[in-house]
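Single-structure report; data block below.
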Amino acid sequence: CGWANVEFLHGELIDVDLSAKVAVYRPPGEGTGGLQGNQRPPAIDYISFDLGSTTRAADDIPGVREYCVPTPPIGQLVSSFEHALEREADANSDVPLQYVVVGGGVAGIELALALTSPQRLQNKSASATCTLVHAGEQLLPAESDMARRRLHVILRERNVRLQLGRSVVGVTDKAVTL
């Protein structure tokens, strides 16, 4: 966090006062109250709610534990993808890396776009395609039609193929079965 001049506060969020630009939180293991005595809540200009993520049904779908890389911890995910890019670049293959992202919420869409980002692939001889699998019939149903259409254009431009209304039923070292 130091390189970004960001302070990381781990704990339970109690209140955010946007007009006063403060966040009241309880550090782990500090009882049931908020800040103690004359402690002041940290001042905020920006706040990121990183609530974590879980891989649903990881134990219910054959092959997920053996062949998939979960999103958290993010370091493991990034390292896995960087190694794949390096292997592909070393192999001088004309076949693009093929990623599958399961979950078409905001985080899954962001991951699919990051994996196919021209900046990420820059200085690598590898290219990438991605299939985004989403159980819902449309991405981001709470957003406007115009926003969803624009998103679909961007996904097509990035070689992200959509599989909507589909669920993963199995994974092997060579395939994802829907």
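Each row is one residue, and each column tells you yes or no for (1) under 18 Å from the mean Cα position of the chain (by Cα); (2) exposed (fewer than 11 other Cβ atoms within 10 Å of the Cβ); (3) at pLDDT 95 or above; (4) part of a loop (DSSP other than H, G, I, E, B).
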| site | (1), (2), (3), (4) |
| --- | --- |
| Asp94 | no, yes, no, yes |
| Gly108 | yes, no, no, no |
| Leu111 | yes, no, no, no |
| Arg120 | yes, no, no, no |
| Asn123 | no, yes, no, yes |
| Ala126 | no, no, no, yes |
| Val153 | no, yes, yes, no |
| Leu162 | yes, no, yes, no |
| Lys174 | no, yes, no, yes |
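Cβ-Cβ distance below 7 Å, separation of 6 or more or different chains: which pairs start in the range 148-176 with a residue that is more than 17 Å from Gly108 (Cα to Cα) and end on one that is aliphatic (A, V, I, L, M)?
Val169/Ile61; Val169/Leu178; Gly170/Ile61; Val171/Ile61; Val171/Val64
Mind checking whether some residue in the range 138-151 is modelled with pLDDT of 90 or more and under 22 Å from Asp60 (Cβ atoms)?
No; the residues of the range 138-151 include none that is modelled with pLDDT of 90 or more and under 22 Å from Asp60 (Cβ atoms).
Which numbered condition trips up Ala135, out of (1) at pLDDT below 80; (2) open to solvent by 60 Å² or more (accessible area, probe 1.4 Å); (3) closer than 22 Å to Thr172 by Cα?
Here Ala135 clears every test but (1).
Restricting attention to the range 11-69, and to residues there that are assigned to a loop (DSSP other than H, G, I, E, B), among the hydroxyl-bearing types (Ser, Thr, Tyr) and within 30 Å of Ala135 (Cβ to Cβ), which single residue is modelled with the lowest pLDDT?
This residue is Ser53.
The values are calculated or read from the model by the stated rules, or taken from the named source; none is laboratory data. None of these values were measured; they are calculated from a predicted model. Glycine gets a Cβ as well: all are built from the backbone with ideal geometry, and neighbour counts include every protein chain shown. Just so you know, the surface numbers come from the protein's heavy atoms only, side chains and all, with ligands and any DNA or RNA stripped out. Shrake-Rupley method; radii C 1.70, N 1.55, O 1.52, S 1.80 Å.
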